[in-house]
Amino acid sequence: MDIKQLIAAHPVLAKVAAAEETVWINPGLQPFASVRPTLPVGADDIADASARLRRFAPLLQVLFPETEDRGGIIESPLTEIPHMAALLRERYGGDLSGGRLFLKRDSDLAVAGSVKARGGIYEVLKHSEDLALEAGILTGYDDDYTRLAGPRARDFFARYKVQVGSTGNLGVSIGIMSAALGYRAIVHMSADAKQWKKDYLRAHGVTVVEYDGDYGRAVEQGRAESDADPMSYFVDDENSKDLFLGYAVAAERLQKQLTGAAVTVDEGHPLFVYIPCGVGGAPGGVAFGLKERYGDNVHVFFVEPTQAPCMLLGLATGLHNGICVQDVGLTGLTHADGLAVGRPSGFVGRVMEHLVSGEMTLADHKLYDYMRALWQREEIFIEPSSCAAFQGVLDAAKSPEMAAYIARHHLPMDHATHIAWATGGKLVPQAQREIFFGTHLAE
Ligand SMILES: *Cc1c(COP(=O)(O)O)cnc(C)c1O
């Protein structure tokens, strides 16, 4: 691929390829009503996923008692963070002009401690329901799903494998859920995956296979191994519609929380959402769900590290999974381990083409600064990858690109609500947190 030609065709890539922080407004954004009929997924798919999660809720309560307080529904709090908003204004000059700032705390999701608890767990449950119905272990959707925690079901699932390639959090989500049902769970992990995640998985009976190479290699190997085994199911993070739909269910839950917090979302009250992005499944699924709920009144932005802006490359060039960050001379290496992905999901990119409002990128050192700030001001810990979301908030408040976007769409910012989507953190051990808090990278 010729970098010069790419840059000539898409000038924003000059900054991206130079690993400079970038704000990219999506020129392909279109009114949701015109995009909706063209999408390969729809509102009934989300409703179907949501109903499936409700069917499994009694089982999840049995397998994971920590989910009892929400009746077996894995959901996270929405917390207003005014002190963080004040810090962003005082320290960085990012004034939200009277808009409110919230943190969606998927960092605290039960079972997996990250946003992957949405898509990952959903996909394992969907696969298990399919297998159990086919084998007569479940007689129908109205059967008692807690039966799947019994010895007959466990013996049945133990004949099957579930495998996944992961930088860490997806592996935790898929591994823990699969092992809890009795599957032989195998997680193929890239070199940048944190040691504690490998230890955690092994302690839960999951087989962890380690690779020297990056995420792409771990996925490739895992897929090849799984494909060679008819009793094995591979969770394909790059193309999975099920993962995507599991994430999309977040929106109906968020809508209830916003209503509960007296937040209106309509033409006079825009909603801005900033989500850290890796391969794209989590932010894409959430974004799709939000567009189905709020249409043009929600403005979704993805945030990526300057060295791994794969979705930005895919969207800006229209090449999707036909381009990777190495093609423009970037390394793909970043402290944001959850976002360390070199090639975006083609499926997600094509769905997002006309839905996502834009993207921001940030330098790694800021991840730690935002992490410390959130802890100091709000006493909330989230992992460094998650902190990318605050770059979105800041750029929305002060970048010229966003000022132009806001003016073009006539958005009343004094009545806006901003949500930074915290994607992970709960399971990070204390010793690892101390290391993060002590990490200061050069600018
Ligand atoms: C996986 C992950 C993301 C992004 O999800 P993708 O589906 O890879 O785009 C963001 N933050 C954290 C902490 C993650 O683990």
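The values are calculated or read from the model by the stated rules, or taken from the named source; none is laboratory data. Remember, predicted model here, so these are calculated numbers, not experimental data. All Cβ positions, even for glycine, are placed from backbone atoms using ideal geometry, and neighbour counts span all protein chains on display.
Look at Leu60 and say whether it is surrounded by 19 or more Cβ atoms within 10 Å (Cβ to Cβ), modelled with pLDDT of 95 or more and under 30 Å from Glu379 (Cβ atoms). Here the answer is yes, as Leu60 does meet what is asked. Restricting the range 109-122 to residues that are assigned to a helix (DSSP H, G or I) and away from the ligand (no atom under 12 Å from the Cβ) leaves a set whose member that is nearest to Glu383 (Cα to Cα) is Ile121. So Val35 clears everything in (1) modelled with pLDDT under 95; (2) under 21 Å from Ala287 (Cβ atoms) except one condition, right? Which one? All conditions pass for Val35, except number (1). Looking at the structure I just gave you, is Asp192 assigned to a helix (DSSP H, G or I) and either away from the ligand (no atom under 16 Å from the Cβ) or in contact with a helix residue (DSSP H, G or I) (Cβ under 8 Å, 6 or more places away or on another chain) (or both)? Here the answer is no, as Asp192 does not meet what is asked. When every residue of the range 110-121 is checked against the conditions, none turns out to be over 21 Å from Ala422 (Cβ atoms) and surrounded by 21 or more Cβ atoms within 10 Å (Cβ to Cβ). With respect to the conditions (1) assigned to a helix (DSSP H, G or I); (2) more than 17 Å from Leu362 (Cβ to Cβ); (3) within 13 Å of the ligand (Cβ to nearest atom), Leu312 falls short on a single one, namely (2).
This table checks each residue for (1) away from the ligand (no atom under 16 Å from the Cβ); (2) closer than 25 Å to Val111 by Cβ.
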position: Ala363; (1), (2): yes, no
position: Ala373; (1), (2): yes, no
position: Ile382; (1), (2): no, yes
position: Gln391; (1), (2): no, no
position: Arg408; (1), (2): yes, no
position: Met413; (1), (2): yes, no
position: Ile419; (1), (2): no, yes
position: Val428; (1), (2): no, yes
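Among the criteria (1) surrounded by 15 or more Cβ atoms within 10 Å (Cβ to Cβ); (2) of a type in the set (D, E, K, R); (3) within 25 Å of the chain's Cα centre (by Cα); (4) assigned to a helix (DSSP H, G or I), the one Arg89 does not fulfil is (3).
When each of Val249, Val235 is tested for being closer than 26 Å to Thr334 by Cα, within 19 Å of the chain's Cα centre (by Cα) and among the hydrophobic types (A, V, I, L, M, F, W, C), the lone residue that passes is Val235.
Is it the case that the range 324-345 has a residue that's under 22 Å from Met189 (Cβ atoms), assigned to a helix (DSSP H, G or I) and more than 12 Å from the ligand (Cβ to nearest atom)? Yes, the range 324-345 has at least one match.
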